[in-house]
Amino acid sequence: LAILLVAGLMSCGLKAYSRENSSGSDTSGKLGTLRKLINQTYLGEVEDDALREGIYKGFISGLDDPYSVYYDAEETRALIETTEGEYDGIGAVLSQDINTGVVTLIRIYEGSPAMEAGLRDNDILYKVEDMEVTGKDLSEVVSHIKGEKGTEVNLTVYRGDDHEEVSVTAVRNTIQAQTVAYRMMEDGIGYIAVSEFDLVTYKQYKQALEDLEGQGMKGLVVDLRNNPGGNLSTVCEMLDLMLPEGLIVYTEDKYGKREEYTCKGENAIQVPLVVLTDGLSASASEILAGAVKDYQIGTLVGTTTFGKGIVQKVINLSDGSAVKLTVSSYFTPNGNNIHGIGIEPDVEVEFDAELYKNGTDNQLEKAKEVLAEMMH
């Protein structure tokens, strides 16, 4: 299994799954001393497996890289699930601020257990059961929310400007990730919102595009706001439905080895295009936005993207665990590395939360305005 992913805010960075034998060795030196101290003096019960897993997690965390993480076997299974787009959970998309560690529910699926429990978009997640989640690795948080179909999970969130504390119980169910939503707007303008780039996303996107084209679409808005990223293969397949022939993106590792991803140009977009971005549009979203900007096949509207231009690789170990390491950087077709910088929109429009509360998405309205000018 080899899957490349790009994500900045949710569970994964740019990832590739491969297989490598894990090797074990007897604990020695300082670890041996610490173990003796625990055995001789520690008051509580000792779980050997937990100690070993803690060593591995601590070892990787010593890199001081927020994107490099060790996953135990259970966390690894959950991580792989997220790339496939189907899992047992509650139907909520999570985002984490890399600086504060705050976890936010940025999207609640329609008709999902999360929605039925009363969770809302933009709720700040405080606890899963009795575990406080702020600052925890997001994949670990997700692994605690997911679980066997029919079982319950208790969540505590903060809501609104006054940070009202709300506790809910959601009953887990099998969730098919709905990563694409679309509709035909006025004047023949098609709208496709992509929430993440899972393995199921390309098919959903292609179906949406074909449906809108069948309805006589004259222009297209692709909404990447709040999109943390996902599979590299998926975003490249989607860009193959937009770009002319040429380079989509390339990566370079620590040795300067370059790997290119290209487009045949057989399905270049034939209608005016606007891409909506914001500060939570990361990694795979930035690959799409960067390619659109570099090829000048569309206009970016919104605010500057997140700025994650580094690549992670997930290596599966023989005991079912895995390690995710930052291994390379990626570059837009024109050779730009946007890490820590982001991609500036062609038309900058700050999101107006007050207008949105009253039913007006000012960034989308601007996108429609820009697109209307391009169509005439």
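For region 116-200, the relative contact order is 24 percent, taking Cα pairs closer than 8 Å that sit 6 or more residues apart in sequence and dividing their mean separation by the residue count. Computed from the C-beta positions of Y56 and Q207, the FRET efficiency with R₀ = 35 Å rounds to 0.25.
The overall shape of region 143-190 is oblate: from the C-alpha gyration tensor, with semi-axes ordered a ≥ b ≥ c, the ratio a/c is 1.5 or greater and a/b is no larger than b/c. Taking the 1.4 Å solvent-accessible surface of the chain as the whole, the part contributed by carbon and sulfur is 46%.
Across region 367-372, coupling constants 3J(HN,Hα) worked out from phi with the 6.51/-1.76/1.60 Karplus curve, θ = phi - 60°, read 4, 5, 5, 4, 5, 4 Hz, and Gly and Pro carry x.
The length gained by stretching the chain between K357 and E110 to full extension, at 0.36 nm per residue less their Cα-Cα distance, is 87.1 nm. Over region 325-375, the hull volume per residue, using the convex hull of the C-alpha atoms, is 149 Å³. Taking 22 Å as R0, compute the FRET efficiency from the Cβ-Cβ separation of V46 and E129 and round it to 0.05. Calculated value: 0.40. Helix-only estimate, please: 222 nm mean residue ellipticity of the chain, summing -39500 (n - 2.57) across DSSP H runs of length 4 or more and dividing by its residues, to the nearest 500. So the calculated ellipticity at 222 nm is -8500 deg cm²/dmol. The Cα-based radius of gyration of the chain, divided by its Kirkwood radius, gives an Rg/Rh of 1.00.
The residues of the chain have, on average, 49 Å² of accessible surface per residue, using a 1.4 Å probe with all protein chains present.
The alpha-carbon atoms of region 153-216 define a convex hull whose volume equals 137 cubic angstrom per residue.
Fully extending the segment from Y255 to R183 would add 21.4 nm, taking 0.36 nm per residue of separation and subtracting the current Cα-Cα distance. Karplus-based coupling profile of region 243-254, in residue order and whole Hz: 7, x, 4, x, 6, 8, 6, 9, 10, 9, 8, 5, with θ = phi - 60° in 6.51 cos²θ - 1.76 cosθ + 1.60 and x standing for Gly or Pro.
Working from label points 7 Å from Cα in the Cα-to-Cβ sense, the E152 to Q270 distance is 5.6 nm. To the nearest ten degrees, helix 48-61 and the longest principal axis of the Cα atoms of the chain are 50 degrees apart.
The values are calculated or read from the model by the stated rules, or taken from the named source; none is laboratory data. The shown structure was predicted, so the numbers you read here are calculated from the model rather than taken from an experiment. When we count neighbours, we look across all protein chains shown, and the Cβ atoms used for this are built from the backbone with ideal geometry, even at glycine. Protein only, heavy atoms only, side chains kept; ligands, DNA and RNA dropped before computing areas. Shrake-Rupley method; radii C 1.70, N 1.55, O 1.52, S 1.80 Å.
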